[in-house]
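K.L.:
Below you will find the structure I want to go over with you.
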């Protein structure tokens, strides 16, 4: 089974979670990992499982204005380092170019967000899941959030390992569905 993990990341937190999820999916066989800046939406069309995630900005998926604000924050903080392609197009723009080819394929959504109730922080994963449904993908489970200590990170202790376990759980669900067919 081919799986693809696609992510958007500002300060490396979502990138790190995406890597851990890909590690958890490894038992499926072929697993590819890439950022929205380097993965064309058409490139995921043959994946039987598509896992997509991004940071939560202003209660949802990032926008050009929220990415600019993140860049401004990094410019004033010597300890803060942005991902190389963080200010380019994000998941919203990526989905707008994605063909509706997901029929019969599985997907899962994740995000990174502050360690506060989702009612206060919002969740990019919910918007990602909605976009996946619009593109005809079938949800493999509920959207998942991974937590950061501060808006710029770092990840809360144990979140990388939790992401790896979540990836392994997704792999187990895929195999169970495949065996049931």
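K.L.:
How large are Rg and Dmax for the stretch 24-123 when only the alpha carbon atoms are used, in Å?
P.N.:
Looking at the stretch 24-123, its Cα Rg and Dmax stand at 15.3, 47 Å.
K.L.:
Taking only C-alpha pairs under 8 Å that are 6+ residues apart, what is the relative contact order of the chain in percent? All intermediate terms of the calculation are to be shown ahead of the outcome.
P.N.:
On the way: 371 pairs, mean separation 52.0, N = 181.
Once normalised by length, the contact order is 29 percent.
K.L.:
At 222 nm, what value in deg cm²/dmol follows for the chain if DSSP H runs of at least 4 each add -39500 (n - 2.57) and the sum is divided by all its residues, to the nearest 500? Mind dumping the intermediate values first?
P.N.:
Values: 6 runs with 69 residues, N = 181.
The per-residue figure over the chain is -11500 deg cm²/dmol.
K.L.:
Cα axis of helix 159-180 to longest principal axis of the chain: angle in degrees, 0 to 90, nearest 10?
P.N.:
Rounded to the nearest ten degrees, it is 20.
K.L.:
Turning to a different aspect of this structure: What translational diffusion coefficient, to the nearest whole µm²/s, does the stretch 2-180 have by Stokes-Einstein, given a Kirkwood radius computed over alpha-carbon pairs, a temperature of 25 °C and 0.890 mPa s viscosity? It would help to have the intermediate numbers written out before the result.
P.N.:
Working: Rh = 16.0 Å.
The diffusion coefficient I find is 153 µm²/s.
K.L.:
Something else now. Using r as the Cβ-Cβ distance of residue 76 and residue 181, and R0 as 45 Å, what FRET efficiency do you calculate, to the nearest 0.05? List each step's numbers first, then the result.
P.N.:
Values: r = 54 Å, r/R0 = 1.19.
FRET efficiency, residue 76 to residue 181: 0.25.
K.L.:
With both partners inside the chain, how many of the DSSP beta bridges are antiparallel, as a percent to the nearest 5?
P.N.:
Numbers: 2 of 28 bridges.
The antiparallel proportion sits near 5 percent.
K.L.:
Can you sort 17, 128 by how many other beta carbons sit within 10 Å, fewest first?
P.N.:
Details: 17 31, 128 27.
Placing the least packed residue first, the sequence is 128, 17.
K.L.:
Of 144, 81, how do they rank once you tally other Cβ atoms within 10 Å and put the fewest first? Kindly include the intermediate steps, with their values, before the conclusion.
P.N.:
Working: 144 22, 81 12.
If I rank by nearby Cβ atoms, fewest first, I get 81, 144.
K.L.:
If we count other beta carbons within 10 Å of each Cβ, what is the order of 27, 62, fewest first? Walk me through the intermediate numbers first.
P.N.:
On the way: 27 14, 62 26.
Placing the least packed residue first, the sequence is 27, 62.
Readers should treat all values here as calculations from the given coordinates under stated rules, not as data from a laboratory. For clarity, every value in this text was computed on a predicted model and none was experimentally measured. Heads up, the Cβs are rebuilt from the backbone with ideal geometry, glycines too, and the neighbour counts pull from every protein chain shown.
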